[in-house]
Amino acid sequence: MILAWVISLLLLCSSLIVYLERLTVLRVMEVKTIEHAQEQFIAAEKSVLQCEDNITNTSVLTENDCFIEPAGKNQWRISSKEKPSIQIHVHVNEKSGVVSRLNWRQAFE
């Protein structure tokens, strides 16, 4: 009787260890996925910011990492080519050339 009780406790402990190992692996995968998504978001924001800074002189851009579309009088929509896709709307002052960001959003497909 005692032997059966000890064996059941050992089986219970071993199943608990297996469960904790699986939980730890899932947590590590979650953290890596979050880090990767943050790196991609930061890269997309940097490319959009570079296009925003050089909207008045697009010839300065060495690589075109974004789509630039007119969205009205002195307004432009800049979208990143990378995933996740970020879209911003900017207004360019004709006289001073100052670029003002009106809004931004993350575009989902």
Of all residues making up region 75-93, the number that are over 17 Å from Asn54 (Cβ atoms) and surrounded by fewer than 12 Cβ atoms within 10 Å (Cβ to Cβ): 0
I need a count of the residues in region 72-83 that are at pLDDT 85 or above and not in a loop (DSSP other than H, G, I, E, B). 6
Within region 67-85, can you find the residues that are within 17 Å of Gln40 (Cα to Cα) and among the polar types (S, T, N, Q)? Ser79, Ser80, Ser85
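In this structure, is Trp104 surrounded by 14 or more Cβ atoms within 10 Å (Cβ to Cβ), under 23 Å from Ala37 (Cβ atoms), at pLDDT below 90 and within 25 Å of the chain's Cα centre (by Cα)? Write out each step before concluding.
On the way: surrounded by 14 or more Cβ atoms within 10 Å (Cβ to Cβ): yes; under 23 Å from Ala37 (Cβ atoms): yes; at pLDDT below 90: yes; within 25 Å of the chain's Cα centre (by Cα): yes.
Yes, satisfied.
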From Leu20, Leu3, Leu49, Leu16, grab the single residue that is loosely packed, with under 10 Cβ neighbours inside 10 Å and either aliphatic (A, V, I, L, M) or in contact (Cβ under 8 Å) with a residue 40 or more places away in the chain (or both). Leu3
List every residue pair whose Cβ atoms sit under 9 Å apart, with the two residues 6 or more apart in sequence or on different chains, where the first one lies in region 93-104 and is part of a loop (DSSP other than H, G, I, E, B) and the second, anywhere, is at pLDDT below 85 and polar (S, T, N, Q). Gly97/Thr56
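The values are calculated or read from the model by the stated rules, or taken from the named source; none is laboratory data. Just so we're clear, the structure is a prediction, and the values are computed from it rather than from any experiment. Don't worry about glycine lacking a Cβ; one is built from the backbone with ideal geometry, like all the others, and counts go over all protein chains shown.
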